[in-house]
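The values are calculated or read from the model by the stated rules, or taken from the named source; none is laboratory data. Note that the structure is predicted; figures quoted are calculated from it, not measured. Note that each Cβ is placed from the backbone with ideal geometry, even for glycine, and that neighbours are counted across all protein chains shown.
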Amino acid sequence: MAIKITDECINCGACEPECPNNAIYEGGVEWAIADGTSVKGAYTLMDGTVMDADQRNAPLSVDTYYIVPNKCTECQGFHEEPQCAAVCPVDCCVPDEMYQETVDELLGKKAKLHI
């Protein structure tokens, strides 16, 4: 399951540099699959949609930091626990119940992002 940032976020930015997949963005900033990954060309998202890895996408939040679920691996294959949650001073990095994924699925996502 991906991690999400709740409305309690105080915009401190502690989480962003900790993400090994560059899945965390400041509110209002556009995102792309290619940001911080080795993905090039067409990339298939979790819902089956195909997009160009360099395509800039609308921010998922304007007011607070946010996590792109298609890039979040809960730090599987990198760390023992999600690093955003470990450094968050207000505990607003929590599991996103909308994205139920097994460890194997998260590791598969990691492999796709970092070829």
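Going through the stretch 30-46 one residue at a time, which ones are among the charged types (D, E, K, R) and under 18 Å from E74 (Cα atoms)? Listed by number, the list holds a single entry, D35. Of the residues making up the stretch 26-45, just one is outside any loop (DSSP other than H, G, I, E, B), of a type in the set (S, T, Y) and either surrounded by fewer than 19 Cβ atoms within 10 Å (Cβ to Cβ) or touching a Pro at 6+ places or on another chain (Cβ under 7 Å) (or both), namely T44. Counting the residues of the stretch 82-110 that are in contact with a Gly (Cβ under 6 Å, 6 or more places away or on another chain) and assigned to a strand (DSSP E or B) gives 0. Filtered by the rule that a residue be touching a strand residue (DSSP E or B) at 6+ places or on another chain (Cβ under 9 Å) and among the β-branched types (V, I, T), the stretch 38-89 gives T44, V50, T64, I67, V68, V87. Residues in the stretch 48-60 that are over 13 Å from the mean Cα position of the chain (by Cα) and assigned to a loop (DSSP other than H, G, I, E, B): G48, T49, A53, D54, Q55, R56, A58.
Is there a residue in the stretch 73-84 that is in contact (Cβ under 8 Å) with a residue 60 or more places away in the chain and surrounded by fewer than 17 Cβ atoms within 10 Å (Cβ to Cβ)? No, there is no match, as no residue in the stretch 73-84 is in contact (Cβ under 8 Å) with a residue 60 or more places away in the chain and surrounded by fewer than 17 Cβ atoms within 10 Å (Cβ to Cβ).
When the stretch 6-29 is filtered for residues that are more than 26 Å from G77 (Cα to Cα) and charged (D, E, K, R), the ones remaining, listed by number, are D7, E8. When the stretch 85-96 is limited to residues that are more than 18 Å from N22 (Cβ to Cβ) and under 14 Å from the mean Cα position of the chain (by Cα), the one that is surrounded by the fewest Cβ atoms within 10 Å (Cβ to Cβ) turns out to be P95. The set of residues in the stretch 98-115 that are surrounded by fewer than 18 Cβ atoms within 10 Å (Cβ to Cβ), among the acidic types (D, E) and under 14 Å from the mean Cα position of the chain (by Cα) is empty. Within the stretch 68-82, is there a residue that is more than 16 Å from M1 (Cα to Cα) and among the aromatic types (F, W, Y)? Taking every residue of the stretch 68-82 in turn, none turns out to be more than 16 Å from M1 (Cα to Cα) and among the aromatic types (F, W, Y).
Quick check, is T44 of a type outside the set (D, E, K, R), within 26 Å of I115 (Cβ to Cβ) and in contact with a Lys or Arg (Cβ under 7 Å, 6 or more places away or on another chain)? Here the answer is no, as T44 does not meet what is asked. Of all residues in the stretch 1-19, those satisfying the criterion of being modelled with pLDDT of 95 or more and under 9 Å from the mean Cα position of the chain (by Cα) are I3, K4, C19.
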